[in-house]
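Report on the structure given below.
Readers should treat all values here as calculations from the given coordinates under stated rules, not as data from a laboratory. Predicted model, so just to flag it, every value in this text is computed and none were measured. Glycine gets a Cβ as well: all are built from the backbone with ideal geometry, and neighbour counts include every protein chain shown.
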Amino acid sequence: MAAHDASPDALAITVELVRFDTINPPGNERPCLDWLAGLLSAAGFEIAWQDLGRELGPGRANMLARLPATRPGGRAPLVFSGHVDTVPLGGAAWSVPTHEGLIRDGRLYGRGTSDMKSGVAAFVRAALDLAALPERGADLRLIVSAGEETGCEGVLALARDPALLGSAGALIVAEPTDNRPLLGHKGALWLKLHHHGVTAHGSAPDLGDNAILRATDTIAALRRFDFGVAAHPVMGAPTLNIGTMQAGMNVNSVPDLATVGVDIRTIGRQSNMDVRALVERVVGADVETEVTTDMAAVFTEADEPWMAETRALCAGITGVGAGLETADYFTDASVLTGALGGVPTLIMGPGALTMAHQTDEYCEVDRIGPCAAAFTEIGRRYLA
């Protein structure tokens, strides 16, 4: 029996991936990636590594797999991308095992089942099937990254090595979408706004300059913030959330530092740099602005030829309608789409969007196989 016939199906691959504890921090993605590399190399994929030990710590790496075209001079590669790190378990107790791959009542439970090991498993299964094609007019490439959950650190490192990153003609990122083929996602700009004052004894506040009061002025201004752009026809309007505030060391002192954390989600017609400049004008020159996350929005028009064909194909195989939708979260596509030259980018995976980062995370079992089948057919058409 051929190796690809004996290899595990997408559900079995997901179960195996969930059994690797890749909670980030510390991540430790390498053993999980080694297992995937063994599966892919046995099917004929060339494996390349980017060690991230210096940047992220021991046991951290990006894995890149390439199935070469059999005919030269064809299309640029089709690229699938996903990450295998997961978020921590949270403070609430789980009622199911966190890393055993328990299947109960049609659901696969465990950290990472939806976000996004089921998506990685779906495209790996598709890749194993595509390796059996007798002819391929393009390379098939898989990017399986580390460190996505802490700010796309893995693919940011990959983008700094263009020779290793390579090229692409189209990109699929298998984040959780309930198998809905999305046109992209909003961008993210996270800021820390530092307000500096002068400390003094709490009994003589007139001798100081209270940084908290400066911060409340900023908060009041941001509550009235106007982005000055119309809502995107698919992405909707940009948003601004004041998520954190740290200030004060003790109640009987005038605080000399107050920091406000702001989460801005941008749309396709905005640049994060322009939005930051607008925030700085609104809050004033005395407020120090620190950027902690800067992820671009990603959007491909629905009538772009590859996107139109692919979305119709996905809807036909999975039975999930292909409405005009984008995600509010960001993905590794924020980095990869631009680094690959602005290629058409589909966001689609079997994971449940509402289950990402949740206690008792699960993925519906009956979504995994159809997603892998859709990815296989996308690959068949592209590589032909």
For the chain, built as a Gaussian network whose Cα springs stay under 10 Å, the top-fluctuating residue of Thr113, Thr98, Thr22: Thr98
Amide H contacts of Met245 (H built 1.01 Å from N, under 5 Å, at least 5 apart or other chain): Gly261
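To the nearest 20 Debye, how big is the dipole of region 3-46 about its Cα centre, given +1 on the beta carbon of each Lys and Arg and -1 on that of each Asp and Glu?
Numbers: 2 positive and 7 negative charges, 23 e Å.
That gives region 3-46 a dipole magnitude of about 120 debye.
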Integer Hz, Karplus 6.51/-1.76/1.60 couplings in order for region 148-154, x for Gly and Pro: 5, 5, 10, x, 6, 5, x
Farthest positive-ward along region 187-295 dipole, Cα basis, beta-carbon charges - from Val260, Ala237, Gly248: Ala237
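Nearest 5 percent is fine: what portion of the DSSP beta bridges confined to the chain is antiparallel?
Values: 47 of 62 bridges.
Antiparallel bridges: around 75 percent, rounded to the nearest 5.
How high is the relative contact order of region 71-142? Use alpha-carbon pairs under 8 Å, at least six apart in sequence, and give a whole percent. Walk me through the numbers before you get to the answer.
Working: 67 pairs, mean separation 37.7, N = 72.
The normalised contact order for region 71-142 reaches 52 percent.
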Dipole moment magnitude, nearest 20 debye, the chain about Cα centre, only Lys, Arg, Asp, Glu C-beta charged: 580 debye
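So what is the relative contact order of region 232-380, in percent, for Cα pairs below 8 Å that sit 6 or more residues apart?
Taking the mean separation of contacting Cα pairs over the length of region 232-380, I get 19 percent.
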The chain: C-alpha gyration tensor shape, a/c 1.5 cut-off, then a/b vs b/c: prolate
Among Gly112, Ala159, Ala356 the positive-end extreme of the charge dipole of the chain (Cβ point charges): Ala159
Sorted by Cβ density within 10 Å, fewest first, the residues Lys117, Lys186: Lys186, Lys117
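Would you mind calculating the relative contact order of the chain from Cα pairs under 8 angstrom and at least 6 residues apart, reporting the percent as a whole number?
On the way: 895 pairs, mean separation 96.4, N = 384.
Relative contact order for the chain comes out at 25 percent.
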Of Leu89, Leu278, Leu213, the one that fluctuates the most in a GNM where the chain has Cα springs shorter than 10 Å: Leu213
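Within region 48-173, what percent of beta bridges assigned by DSSP are antiparallel, to the nearest 5? Could the numbers behind the result be given before it?
Working: 11 of 21 bridges.
Here the antiparallel bridges make up roughly 50 percent for region 48-173.
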Listed residues Pro88, Pro97, Pro205, most fluctuating in the chain (Gaussian network, C-alpha, under 10 Å): Pro205
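Using a/c under 1.5 as the rounded threshold, could you call region 2-83 rounded, prolate or oblate? The axes a ≥ b ≥ c are square roots of the C-alpha gyration tensor eigenvalues, and prolate needs a/b larger than b/c, oblate otherwise.
On the way: a/c = 2.43, a/b = 1.35, b/c = 1.79.
Cα axes put region 2-83 in the oblate bin.
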